[in-house]
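The values are calculated or read from the model by the stated rules, or taken from the named source; none is laboratory data. From a predicted model like this one, the values you see are computed outputs, not experimental measurements. Cβ sites come from the backbone with ideal geometry, for glycine too, and all protein chains shown count toward neighbours. Heavy atoms of the whole protein, side chains included, go into the accessibility calculation; ligands, DNA and RNA do not. Shrake-Rupley method; radii C 1.70, N 1.55, O 1.52, S 1.80 Å.
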Amino acid sequence: QVQLVESGGGLVQAGGSLRLSCVASGSIFSINDMRWYRQAPGKQRELVASSTRGGSANYLDSAKGRFTISRDNAKKEVYLQMNSLKPEDTAVYYCNADVLGFLTSRLRTYWGQGTQVTVSS
């Protein structure tokens, strides 16, 4: 059993900042890639940022220069620092991680419950 628990969502004004956090717990041997997705109502879920175990990051084009993904492997946590927020960033944000359990033969992908981010004009 593996669980991802997110926090940090909320309502912010355009131009403001917000930091999302996600902690993994359970029977975890190792965690490879960790990611943040988002989904607005009626829209396709999209990958916002990803991070390898070593910290190499990739970003959605619209997030580059504004968002930063980071992680703490000892704490089994991943973060998304969001600056210069725009109304278009409004969505439910989901934490995602590829996890190898201590008794599993294959890497499995887990999702957090999602946290609402709302950016007002």
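Restricting attention to segment 70-93, the residues that are touching a Ser or Thr at 6+ places or on another chain (Cβ under 8 Å), open to solvent by 10 Å² or more (accessible area, probe 1.4 Å) and not in a loop (DSSP other than H, G, I, E, B) total 8. In segment 1-29, the qualifying residues are those that are small (Gly, Ala, Ser) and open to solvent by less than 30 Å² (accessible area, probe 1.4 Å), and the one that is nearest to residue 98 (Cα to Cα) is 24.
Within segment 57-69, restricting attention to residues that are within 23 Å of residue 118 (Cβ to Cβ) and in contact with a Ser or Thr (Cβ under 6 Å, 6 or more places away or on another chain), which residue is most open to solvent (accessible area, probe 1.4 Å)? Top of the filtered list is 66.
Annotation: residue 38 fulfils all but one of (1) in contact with an Asp or Glu (Cβ under 9 Å, 6 or more places away or on another chain); (2) of a type in the set (D, E, K, R); (3) at pLDDT below 95; the unmet one is (3). Going by the conditions given, is residue 52 closer than 19 Å to residue 17 by Cβ and out of contact with any helix residue (DSSP H, G or I) (no Cβ under 6 Å at 6 or more places or on another chain)? No; evaluated as a whole, the condition is false for this residue.
In segment 21-69, the qualifying residues are those that are assigned to a strand (DSSP E or B) and acidic (Asp, Glu), and the one that is farthest from residue 92 (Cα to Cα) is 33.
Conditions tested, residue by residue: (1) touching a residue at least 60 places away in the same chain (Cβ under 8 Å); (2) under 15 Å from the mean Cα position of the chain (by Cα).
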| position | (1), (2) |
| --- | --- |
| 13 | yes, no |
| 24 | yes, yes |
| 69 | no, yes |
| 80 | yes, yes |
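When 54, 101, 112 are screened for being buried (at least 16 other Cβ atoms within 10 Å of the Cβ), over 18 Å from residue 12 (Cβ atoms) and at pLDDT below 95, only 101 passes.
Condition check ((1) in contact with a Gly (Cβ under 9 Å, 6 or more places away or on another chain); (2) farther than 17 Å from residue 27 by Cα; (3) not β-branched (Val, Ile, Thr)) across all residues:
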{"residue": "42", "(1), (2), (3)": "no, yes, yes"}
{"residue": "56", "(1), (2), (3)": "no, yes, yes"}
{"residue": "76", "(1), (2), (3)": "no, no, yes"}
{"residue": "83", "(1), (2), (3)": "yes, yes, yes"}
{"residue": "88", "(1), (2), (3)": "no, yes, yes"}
{"residue": "119", "(1), (2), (3)": "yes, yes, no"}
